[in-house]
Structures are given as C-alpha cells and as structure tokens.
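Down below is the structure, laid out as structure tokens.
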Amino acid sequence: MSKKTLRVSKIKDGTVIDHITRGRALDVIKILGIDGRSGGVVTIAMNVPSKKLGVKDMVKIEGRELNPEEVDKIALISPRATINIIRNYRVVEKQKVKLPSIVQGIIKCIKPTCISNSKKEPVKPKFYVVSENPLRLRCHYCNSILEEEDILKQF
Ligand code: CTP
Ligand code: ZN
C-alpha cells in the first residue's frame, strides 16, 4: 500500500456503512442517534475516493448493528449505500440498501392539515418517490411535495 493511502482501521464487531452519498455521512450519524457521548468507536470518513461512486462517505460503528427502520432511512438519503455487518473482523453480511418507490411510515407529511397527520384518523403517512437526487417525495393523501431538506429535518 502506498504511503499516500489513507488507512482507516478495520473494526472487530459492528457495522460498516459504505458507499454513502458524498456529503451525507453526518446525516447518517444523525439518523443513528450517535452523539459521541456513549457507545464504542465511531469512524467517519468523507470524500474518500471510490471506484463505483467517484467519491463517497463511510461510517464505521463498533459494537452496534442497525435496525430495519434505520436502514430504510439511510436508503432515503444514500440509495447506493452498503451495510456490512462485521463479526470478529470478518464481513458476515453485506446488504445493499434499497430506495423503495413508496415510502411508508418513516416520514411525516409537511402539511399540518393532511389526513396522515390527524390524531383521530389511523392513517399511516405514505409517499411516492418522485425524484431520487435530489430526494423529493409526494404525499399520497394531499399531494404535498417534500423536498430533501424537509425530509432531513425529520431525522
Ligand atoms: N471493513 C472494516 N472492518 C472489517 C472488515 C471490513 O472496516 N473488519 C470495511 C472495509 O474497509 C470496507 C467495508 O468494510 O470498507 C466492506 O468490506 P469488504 O466487503 O471486505 O470490502 P469490498 O469488497 O471493497 O466491499 P464492496 O464490494 O461492498 O465495495
Ligand atoms: Zn400529506
């Protein structure tokens, strides 16, 4: 390995979130509720050269695996991310996140009067992905368009 190569340590047990869209590492950290005040080692790498993406971000978390809701949220902001589960230094599972065409449950509509925000109605929020980059969602109930920043604010 050339001396110019940046080497980020391998982890023993935990999760490596790889191929994160450039500039999204801190949003991933936020989605995972990591504030650095507890838990294990967290490594954040930004603007790392990548064959597939040109440039990517990466997050490595010691001693933690992700739940499905966290994976779904990461898919929204980084649809090409790979989640690697590491046990005893080996990648034991590799999962590509998937941006669904319909997003249900994890994001709220921005319109306060939308039926999906009514406490009286048991209506789950539901959106259609109208654009991936920048991310843009359309509410199934009121047709409101949620822009990327509206979505990021909710994490
Ligand atoms: N990794 C790590 N600690 C380990 C094992 C792997 O931090 N103990 C990291 C690697 O550095 C890499 C990612 O986890 O960033 C995935 O590892 P691996 O599947 O070995 O790498 P690639 O084959 O390059 O992955 P891909 O095909 O998904 O690009
Ligand atoms: Zn709505």
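Descriptive notes on the structure:
- Matching option when the condition is in the same structural domain as Val129 (by TED's automatic domain parsing) and more than 12 Å from ligand 1 (Cβ to nearest atom), among Ile44, Ile115: Ile115
- Residue pairs whose Cβ atoms lie under 8 Å apart, separated by 6 or more positions or on different chains, with the first residue in region 82-93 and farther than 17 Å from Asp72 by Cβ and assigned by TED's automatic domain parsing to the domain that holds Lys52 and the second among the small types (Gly, Ala, Ser) and assigned to a strand (DSSP E or B), are Ile86/Gly14.
- Candidates Ser78, Ser101, Ser9, filtered to the one that is out of contact with any Leu (no Cβ under 6 Å at 6 or more places or on another chain), more than 21 Å from Phe127 (Cβ to Cβ) and hydroxyl-bearing (Ser, Thr, Tyr): Ser9
- Flag for Lys94 being at pLDDT below 95 and either under 18 Å from Thr21 (Cβ atoms) or of a type in the set (D, E, K, R) (or both): no
- Qualifying residues in region 77-95 (those that are farther than 16 Å from Val59 by Cβ and part of a strand (DSSP E or B)) - the one farthest from ligand 2 (Cβ to nearest atom): Arg90
- Scanning region 58-76 for residues that are exposed (fewer than 13 other Cβ atoms within 10 Å of the Cβ) and either in a helix (DSSP H, G or I) or more than 12 Å from the chain's Cα centre (by Cα) (or both) gives Pro68, Glu69.
- Any pair with Cβ under 9 angstrom, 6 or more apart, that starts in region 29-40 at a residue that is part of a helix (DSSP H, G or I) and ends at one that is of a type outside the set (Phe, Trp, Tyr) and open to solvent by 50 Å² or more (accessible area, probe 1.4 Å): Ile29/Asp35; Ile29/Gly36; Ile29/Val42; Ile29/Ile44
The values are calculated or read from the model by the stated rules, or taken from the named source; none is laboratory data. Quick caveat, the model's predicted, so the values are computed rather than measured. FYI the Cβ positions are ideal-geometry reconstructions off the backbone, even for glycines, and counts take in every protein chain you see. Remember, those area values only see protein heavy atoms, side chains included, never the ligands or the DNA or RNA. Shrake-Rupley method; radii C 1.70, N 1.55, O 1.52, S 1.80 Å.
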